[in-house]
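For reference, the structure discussed in these notes is given below.
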Amino acid sequence: MLTPHDLGYRSLFAHPELVRELVTDFTSFTLLDEVALSAFERVNPAYVSERLSAREDDIVWRVRLGDEFLYVYILIECQSGVDRWMALRMQTYIGLLYQDLVKGHELSPGLLLPPVLPLVFYNGVPRWSASMDLSGLLMDAPAELAALQPSQRYVLIDQQRLDRTALEANASLLALLFRLELSAAPDVSKNVFAALTTWFKGSPQANLRRSVQVWINALLTRAASKEDLCMVDSVEEGADMGGKLAIWAEQFEELGFQKGSAEGMAKGMEKGKEEGKEEGKAEGQVIALRGVLGSLLRNRFGELPAPAAQRIGHATQAELEQWCERILNATSLQALFDDGATSAPTNH
């Protein structure tokens, strides 16, 4: 099931700036360090079959390196358990990507398949324990068959285990957002919001600013009550970003983000479930989905007409989740709200 935080990260990685930062700052690869943003192009992953359980949070970019392309495949695992079969999933998705390139005649002049950088971005609490190579999921083969067995590796970015000292020394936008999510002391969140205030003042890109707002709102909703969600959902793009960031900082303090690590927050959420708060959380999830969906739609299509806003306001959780899955490929609001007849196929 989609969560607001999944959508928040999906919104961030819809921007080439943050994809480049993810690779250059949080992996050992340097091949994208000096690549211009104009060389990045978003790829629609709708070619992945529903029968193969492809998900709506898979993100694919291609980057022109000289005369050739490199494909960057990002799988987002937000606050979920460890997927034992990740290496197999990655091999399947890359295979389908290659098939689509062959079918669409998008190969090099020599009819060769392009390289792929497979990334798994994970911010769950349990330490990642899945095999990083498909070979770790295979039985031992007889010696004469060993060379014929498949192999697929991926790069893991485990947000909860990032080096905090290196993170604090990094002034990039993505590093600031990671610090905000991982903050464990009041002064950390205050320092981060001060830096974000400076970033908002200097960033000319309205779409990127809005995506950061979507991400912050989604992060807040993970621990907010129903009343809190109504408050954070009202934050919109505007001139007084300093005031809005100050409000967000206060909400972070009230919600206790600065008082414990992600493990503590996860334990608190689990305790809440044990105390019988499932119904209230379900209500809060619907409110959060409405807020995040509205922000994503305004980012994609501009200000929403009244009928669309009203429809979102009265939608069920199932409808909201369905629309969130369609948003990447929908060409219009009408296509999004239709029963799928006029919208492009999704990858979920």
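Things worth noting here:
- Counting heavy atoms of the protein chains alone, GLU319 has an accessible area of about 70 Å² for a 1.4 Å probe.
- Rounded to the nearest 10 Å², the accessible area of ASP33 at probe 1.4 Å: 60
- Here the calculated FRET efficiency for ALA146 and GLU68, from their Cβ-Cβ distance with R0 = 30 Å, stands at 0.40, rounded to the nearest 0.05.
- Local net charge near PHE178, Cβ-Cβ under 13 Å (Lys/Arg +1, Asp/Glu -1): -3
- Extending 7 Å from the Cα toward the beta-carbon at both LEU107 and ALA169 defines two label points whose distance is 4.5 nm.
- Taking all protein chains as shown and a probe of 1.4 angstrom, TYR122 keeps an accessible surface of around 0 Å².
- Here each label is just a point 7 Å from Cα along the line to Cβ, and for ALA36 and ASP100 those points are 2.7 nm apart.
- Note on PHE29/ALA194: beta-carbon distance plugged into 1/(1 + (r/R0)^6) with R0 of 35 Å gives a FRET efficiency of 0.70.
- With a simple spin-label model that places each label point 7 Å from the Cα along the Cα-to-Cβ direction, the separation between LEU138 and SER203 comes to 4.3 nm.
- Accessible area per residue (1.4 Å probe, heavy atoms of protein chains only) ranks LYS103, LYS190 as LYS103, LYS190, with the largest value leading.
- Of VAL43, VAL19, the residue with the largest accessible area leads and the full order is VAL43, VAL19 (1.4 Å probe).
The values are calculated or read from the model by the stated rules, or taken from the named source; none is laboratory data. Since the model is a prediction, treat every value here as computed from it, not as a measurement. All Cβ positions, even for glycine, are placed from backbone atoms using ideal geometry, and neighbour counts span all protein chains on display. Accessible surface is based on the protein model in full, side chains and every heavy atom, while ligands, DNA and RNA are left aside. Shrake-Rupley method; radii C 1.70, N 1.55, O 1.52, S 1.80 Å.
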